[in-house]
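Novice: Attaching a single structure in structure tokens format; questions to follow.
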Amino acid sequence: MYKITKLLTLIIILFPVTSLAEKNKFVSFTDPWIKLTVGNHKVTSGYLKIKNLSNENLKLVSVSSDFSEKTEIHNMKVIKNVMIMDKVDSGVLLPPNKQMVFSPGGLHIMFIKLNKEIFLHEIKNVFFEFEKKGTIKIPMKVKKGMHLKKHKH
Ligand SMILES: [Cu+2]
């Protein structure tokens, strides 16, 4: 009996995130992927397209994962002909029916201090938190990335 109670507690704790992810109708996600790390780099980035399917403004406030110590939303900007990364602290606003594109050379998800090795074609769960809407779990696939010139880490 004790074991069953424990299991039920676990199910109740895990349920909110997964149920929201499966029943989510306010956003759609296209081609979510994570760049395969080179050598023993402890930092990598993730990309995808997120479309707002609702008729109200959405705001992506944070992203998290269980394979990195920190996960941040970054943007690239050019200063004196050199592309640098800029942390986005205020979240990303997504108007109705619009799409936000996370792509190499632009907006991206930064996984910092990886706590385990990631492998090619592996699927990693990443959690996207939307203001007033909650958190959605997105499976992201590990792929080989193209090398970008002038990309400073
Ligand atoms: Cu970055």
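The values are calculated or read from the model by the stated rules, or taken from the named source; none is laboratory data. Everything numeric in this text was worked out from a predicted model, so none of it was measured. With ideal geometry, Cβ positions are generated from the backbone for all residues, glycine too; neighbour counts draw on all protein chains shown.
Novice: Restricting the range 114-153 to residues that are among the basic types (K, R) and on the phi > 0 side of the Ramachandran plot, which is modelled with the highest pLDDT?
Specialist: Among those residues, the one meeting the criterion is K132.
Novice: Counting just the residues of the range 54-87 that are hydrophobic (A, V, I, L, M, F, W, C) and modelled with pLDDT of 95 or more, which one comes out nearest to the chain's Cα centre (by Cα)?
Specialist: Out of the qualifying residues, it is V63.
Novice: Also, quick follow-up: So, of the residues in the range 27-44 that are surrounded by fewer than 20 Cβ atoms within 10 Å (Cβ to Cβ) and part of a strand (DSSP E or B), which turns out to be farthest from the ligand (Cβ to nearest atom)?
Specialist: Restricting to residues being surrounded by fewer than 20 Cβ atoms within 10 Å (Cβ to Cβ) and part of a strand (DSSP E or B), the top hit is S28.
Novice: Being assigned to a strand (DSSP E or B), within 15 Å of the ligand (Cβ to nearest atom) and under 20 Å from T37 (Cα atoms), is that true of even one residue in the range 127-148?
Specialist: So far as the range 127-148 goes, no, none of its residues is assigned to a strand (DSSP E or B), within 15 Å of the ligand (Cβ to nearest atom) and under 20 Å from T37 (Cα atoms).
Novice: Got a sec? Which strands (runs of 3 or more DSSP E) wholly within the range 59-108 have at least 2 residues that are surrounded by fewer than 15 Cβ atoms within 10 Å (Cβ to Cβ) and more than 12 Å from the ligand (Cβ to nearest atom)?
Specialist: Hits in the range 59-108: 68-79, 99-102.
Novice: If I filter the range 45-58 down to residues being under 18 Å from V88 (Cβ atoms) and surrounded by fewer than 18 Cβ atoms within 10 Å (Cβ to Cβ), which single residue comes out as farthest from the ligand (Cβ to nearest atom)?
Specialist: Once the filter is applied, the top-ranked residue is N57.
Novice: So K116 ticks every box in (1) in a strand (DSSP E or B); (2) more than 14 Å from the ligand (Cβ to nearest atom) but one. Which box is left unticked?
Specialist: (1)
Novice: Every residue in the range 26-72 that is in contact with a strand residue (DSSP E or B) (Cβ under 7 Å, 6 or more places away or on another chain) and either on the phi > 0 side of the Ramachandran plot or of a type in the set (A, V, I, L, M) (or both), please.
Specialist: Result: V27, D31, I34, L36, V43, L48, I50, L53, L58, L60, V61, V63.
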